[in-house]
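Bear in mind these aren't lab numbers, they're just calculated from the coordinates by the rules spelled out. Since the model is a prediction, treat every value here as computed from it, not as a measurement. FYI the Cβ positions are ideal-geometry reconstructions off the backbone, even for glycines, and counts take in every protein chain you see.
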Amino acid sequence: AEYITVKAFLCAPLEDNADILQSSCAFVNPLTIIAMMEVIREGKHRTVVQTGAASACGRMLIRSCHAAGVRTINIVRKEIQREQLLKDGADVVLVSSDPSFEADLAKKCLEMGARCAFEAVGGNLGGMVVTAMCPGSTTYVYGCLSGETLKGVDPLDLVFKEKTVTGFFLRNIMDRKSFFGRYQMTSKLTDLIRGNLRTQIGKTFTIDEIFDALRHYETNSSDGKILLVSK
């Protein structure tokens, strides 16, 4: 089918000259970043920690925080990802495989007063982030790339340092908003996807090339979004 019927509040108006490839990526990641920036502004946070920082969503958050004057502590898996994130405006980039990573993370969180984290990995890394955060902090869990539950979180750390770990799911956030609140979020998309919320497009494939697209993604998952086009 070429058309489907959806509820009006799930749609965002696009200008006639909007880039169709960028527009196809406009909902999940860009709206997630808009919601994250609302959390940052409402909490008056000056420093944000994030895992999965080299992802499309992570890079959008770096650019958005940089534009808003918010510092970021970014965690990546590979050294090769550091330079690109620094170009995006990252303040600190830490490689999780470095021997001194855990100590470096704790030091930077303390120095920069980090009380807000967006965590997308889970496992040992997610637990390290919660442990490194300052007292009174909140870690927002919005993914589980490792496929593992959070590990190494000390309950007494949550009790005596009043740390919080909570979920962060875009659909739930949107459902809690009024119609006007949802409109305010989606109305920002057209302008923002041209700038800080633009998506890096890795390669496009036709529907007939879907298996080639999957093979390409397996070895190039960090090179940008893989898109399927009708022709």
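Miscellaneous remarks
- Per residue, the convex hull spanned by the alpha carbons of the stretch 1-63 comes to 140 Å³.
- S23-E83 FRET efficiency (beta carbon distance; Förster radius 22 Å; 0.05 resolution): 0.15
- Based on C-alpha pairs under 8 angstrom that are at least 6 apart in sequence, the stretch 126-231 has a relative contact order of 21 percent.
- When the pairs K87/K161; K78/K203; K44/K177; K163/K225; K78/K108; K87/K108 are compared against a 28 Å limit on Cα-Cα distance, K87/K161; K163/K225 fall above it.
- Remark: spin-label model distance K203-Y3 equals 3.5 nm, labels positioned 7 Å along the Cα→Cβ axis.
- Candidate aspartates and glutamates for bridging to K7, where Cα separation is under 13 Å - those fewer than 8 sequence places away on the same chain excluded: D175
- From its DSSP helices (H runs of at least four residues, each -39,500 (n - 2.57)), the chain gives a residue-normalised ellipticity at 222 nm of -12000 deg cm²/dmol.
- Among (i) 0.98; (ii) 1.12; (iii) 1.09, the entry derived from the coordinates for Rg/Rh (Cα atoms, Kirkwood Rh): (i)
- Pairwise centroid distance, computed over Cα atoms, of the stretch 22-89 with the stretch 178-231, Å: 16
- Summarising the label geometry, the points placed 7 Å from Cα in the beta-carbon direction at K177 and S221 lie 2.9 nm from one another.
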